Amino acid sequence: MIKVVVVGGGWAGCAAALSAAKAGAQVVLLERTDLLLGTGLVGGIFRNNGRFTAAEEAIAMGGGDLFVAMDANTRHRGVNFPGHSHASFYDVTTMEPLVKKILQNYGIEIKTRARVSGLVKYGKKIQHLTFDNEEIITGDAFVDTTGTTGPMGNCLKYGNGCAMCILRCPTFGPRVSLTSKADVKEIMGKKADGSYGAMSGSCKINKDSLSSELKNQLEKEGMVVIPLPENLKKSGMLGKKACSQYAIADYAENIVLIDTGHAKLMTPFFPIDMLRTIPGLERARYEDPYSGGVGNSIRYLGIAPCDSALKVDSIDNLFCAGEKSGILVGHTEAVVTGLLSGHNAVRYCLDMKYLELPTELASGDFIQFIHKQMATEEGIKLRYTFSGSIYFEHMKTLGLYSAQRGEIIERISKTGLTDIYNTCLV
Amino acid sequence: MLIKLPTRCIDINSPYCPCLLSETNHCTFCSHLKGEATCDCNWSGVCILYEKQWQLKKDHWGSTSDIDTPVRLEAETKFSIKEQIAADTYVLTIEVNSELAQSLDKCGSFVFLRRPSDQQFYHFPVGVMKITGNLIHVVVETIGPKSTRLLADNNNQVLVRGPYYNGIFGQPWIDNIDNGKILLIVGGIGQAPAVAIVRQLVKKNNHIKVIAAPGKVGQIFIADELTDLDVQLQEVTSMRQRGMRYLSDCLANSQECPDLIISAGPDEQHYGVIAVMHAAGISLPMAATNNNTMCCGEGICGSCQKVTKDNKRVRTCKVQTDFSQFIQE
């Protein structure tokens, strides 16, 4: 039987494991920490702007299980907030067990607290991976969904230090990139000022620490916009953000809170004593990162060079997805690329032609657009997402953005990719 | 038990980390402090780059410290000759403060000694045999210009600098074994570190068998000590002729085959043990004393550097690795 090993249990890894299992492979999903979803444990926003199109494309292609699970676990749907339309917010506090269950139902073997620390390759093929306890795991194809952030030294050098985020490096050990262990030179994203990396763009505040009026309003409406007092309108913070879709003026002049189970604060960090001068936030404390008053994780410090099929350059049996595959933001983007990489890992084992998503689809155009942009000095300083900033504009220009389910299903049907991820290839 | 020994600096996360090597991007471990752009250390302990950031605030070895600022603990004190074992071999006891004494109470630890009035380059490394109270016991062979100088003209003044820790390759094996069966091969001056090794191993209920040869020292001066520690001692007149055969017999007998072999003695003895293991067709973890020439002890001067089979250069005063990985010179 074909064996696909997926390393990294974030949204991208979960999606890759799912599509590889659907395509008929035996799948092992390895996760360094004790929880799946990675930074998706503190994410929550989906279906906003072009992410609606991308999610519906994935569903029509037969890879919708994870979006269906998010929909089923949604706290608020159809919310409009500054710069964003028809957003849904899944509940970050209850999402993980649900995803785990879905993957297990597909027969995927999930190993948590399994930190890969090295690999052995012969020529251009990875033979096996080694865990930090010297055990090994073999496979026919591998998917690198290890992300691009942490260990602590990176957050210290390129950010404000370890802010004790959900990645929990001190507890579970540093993230190790398969691509880099396979001696492939990785690409590093840059900030607008040319320095490396970008800071994660939001923090979670404990909802019980808000005033009861604010908490009620947040739970009722899904989001709250509070104008910042004049003295707190800060400058220079926006360039550091990973999530360029929120790097617009509204977010520099207002505090935007979103109900994802916690109160998601749409800024990378915010000194707690200043935060507490805002009405309703007098008792506020952070839930993630714990030191959200000081900093946040730094990402995009190790992107794998790859093609449109998401195969990593110069290694025959290594695929990648999520942040590892390009400077992209968000779990919709992670799932879309994850599905493709897991599917192509199986195609590799069967010696089949790789699936490339056509540019008539938002998800196909997205992957090609990012890879083209990343080759330019300006493009490497930007972040790409279906939900805003440069790519959403591009998507609208090409007429790829749609919030009509029927229209999207029709598009997929025209490309002949309906239910492609549901097809067992083996 | 760990089969493979990671190459790792002995000083990681100690009060002496990050060290002077990090100032010039020559840390043996942290990729950032080697001058690389991102993390690639695979270390789950306290981040060394972080440690450096915090220590900078104390100006540990910063720009304001001058060349006389000691990099480790230093004590100017007196020593006494406890026993003369052979023509040029002495057991010395040196009284130091309790901080230095306690920090040395671990097998594999060593100090640098010199006459306080001499130039810095006179200092030489000596392995610690044992610590009793605030007394360091060491064995010195006065054969080179540095060690001879220490005992010349009835001198009894000494400057001690320490602690240093990388006296034994394979130290993690010794640190992590309990209720194990250990075979300790001891030759000549290697008797001194053997005492420290046995004292540490007996604490964890290990069963230790010692094969000891007198070597150039001419006697097994640790025999009483070992008997007191309740280990099984097999004295042989010659390690080469008798000891290795005895070792070979032990390895052939599955009842006696140990979990860990430790070789305390010259490099020729270490290679001899490896050859016997090869011949017996078994591969056991082997710890071995570090006999390399050391001048600075801080990874700077390079006098202790050795090359491994995968062509890495290892500064052995600081870096732990498996002795069998070194290229035999």
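The values are calculated or read from the model by the stated rules, or taken from the named source; none is laboratory data. This one's a predicted model, so the numbers in the text were calculated from it and none came from an experiment. Note that we place each Cβ from the backbone using ideal geometry, even for glycine, and neighbour counts take in every protein chain shown.
Output the residues belonging to region A:140-155 that are over 17 Å from A:G189 (Cα atoms) and within 12 Å of chain B (Cβ to nearest Cβ). Of everything in region A:140-155, just one residue is over 17 Å from A:G189 (Cα atoms) and within 12 Å of chain B (Cβ to nearest Cβ), namely A:M152.
A search for C-beta distances below 8 Å between a residue of region B:271-284 that is farther than 19 Å from B:E329 by Cα and any residue that is in a loop (DSSP other than H, G, I, E, B) and acidic (D, E), counting only pairs 6+ apart in sequence or on different chains, returns B:L284/B:D259. Out of everything in region A:106-131 that is of a type outside the set (V, I, T) and over 25 Å from the mean Cα position of the chain (by Cα), what residue ends up being nearest to A:A182 (Cα to Cα)? Selected residue: A:K121. Residues that are farther than 21 Å from B:C317 by Cβ and either among the charged types (D, E, K, R) or assigned to a strand (DSSP E or B) (or both) within region B:85-130 comprise B:I85, B:A86, B:D88, B:T89, B:Y90, B:V91, B:L92, B:T93, B:E95, B:E99, B:R115, B:K130, listed in sequence order. Could you tell me whether B:Y271 is aromatic (F, W, Y), within 25 Å of B:K4 (Cβ to Cβ) and surrounded by fewer than 24 Cβ atoms within 10 Å (Cβ to Cβ)? Yes.
Is it the case that some residue within region A:33-43 is free of Cβ contacts under 8 Å to residues at least 60 places away in the same chain, in a helix (DSSP H, G or I) and closer than 28 Å to A:I409 by Cα? No, the conditions are met nowhere in region A:33-43. Scanning region A:187-211 for residues that are within 11 Å of chain B (Cβ to nearest Cβ) and either within 18 Å of the chain's Cα centre (by Cα) or at pLDDT 95 or above (or both) yields A:M188, A:G197.
Table: residues versus (1) assigned to a helix (DSSP H, G or I); (2) touching a Ser or Thr at 6+ places or on another chain (Cβ under 6 Å); (3) farther than 29 Å from A:K191 by Cβ; (4) in contact (Cβ under 8 Å) with a residue 60 or more places away in the chain.
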position: A:T337; (1), (2), (3), (4): yes, yes, no, yes
position: A:K372; (1), (2), (3), (4): yes, no, no, no
position: A:S402; (1), (2), (3), (4): no, yes, yes, yes
position: A:E410; (1), (2), (3), (4): yes, no, yes, no
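What about A:D144, is it assigned by TED's automatic domain parsing to the domain that holds A:A182, of a type outside the set (S, T, N, Q) and surrounded by fewer than 24 Cβ atoms within 10 Å (Cβ to Cβ)? Criteria not met by A:D144. Which residues, taken from region B:73-125, are surrounded by 13 or more Cβ atoms within 10 Å (Cβ to Cβ), within 15 Å of B:T148 (Cβ to Cβ) and small (G, A, S)? Of everything in region B:73-125, just one residue is surrounded by 13 or more Cβ atoms within 10 Å (Cβ to Cβ), within 15 Å of B:T148 (Cβ to Cβ) and small (G, A, S), namely B:A86. Taken together, B:E225, B:E268, B:E256, B:E235 contain a single residue that is closer than 23 Å to B:D88 by Cβ and either outside the structural domain of B:N290 (by TED's automatic domain parsing) or in contact with a helix residue (DSSP H, G or I) (Cβ under 6 Å, 6 or more places away or on another chain) (or both), which is B:E225.
Note on region A:393-409: residues that are surrounded by fewer than 13 Cβ atoms within 10 Å (Cβ to Cβ) and within 11 Å of A:E56 (Cα to Cα) total 3.
Does any residue of region A:235-255 turn out to be at pLDDT below 90, of a type in the set (A, V, I, L, M, F, W, C), under 24 Å from the mean Cα position of the chain (by Cα) and assigned to a strand (DSSP E or B)? Yes, the conditions are met somewhere in region A:235-255.
Please enumerate the residues belonging to region B:214-239 that are under 26 Å from B:T132 (Cβ atoms), outside any helix (DSSP H, G or I) and out of contact with any Phe, Trp or Tyr (no Cβ under 9 Å at 6 or more places or on another chain). Once the filter is applied, which keeps residues that are under 26 Å from B:T132 (Cβ atoms), outside any helix (DSSP H, G or I) and out of contact with any Phe, Trp or Tyr (no Cβ under 9 Å at 6 or more places or on another chain), region B:214-239 yields B:G218, B:Q219, B:I220, B:F221, B:I222, B:L229, B:D230, B:V231, B:Q232, B:L233, B:E235. Of all residues being of a type in the set (G, A, S) and either farther than 30 Å from B:G180 by Cα or more than 8 Å from chain A (Cβ to nearest Cβ) (or both) in region B:1-52, which is surrounded by the most Cβ atoms within 10 Å (Cβ to Cβ)? Just the residue, please. Only one residue tops the list, namely B:S22.
The single condition among (1) crowded, with 16+ Cβ neighbours inside 10 Å; (2) under 17 Å from B:M294 (Cα atoms) that B:V186 does not satisfy is (2). When restricted to residues that are of a type in the set (G, A, S) and surrounded by fewer than 19 Cβ atoms within 10 Å (Cβ to Cβ), region A:60-116 contains 5.
Residue count for region A:156-179 under the criterion of being of a type in the set (A, V, I, L, M, F, W, C), within 11 Å of another protein chain (Cβ to nearest Cβ) and part of a helix (DSSP H, G or I): the result is 3.
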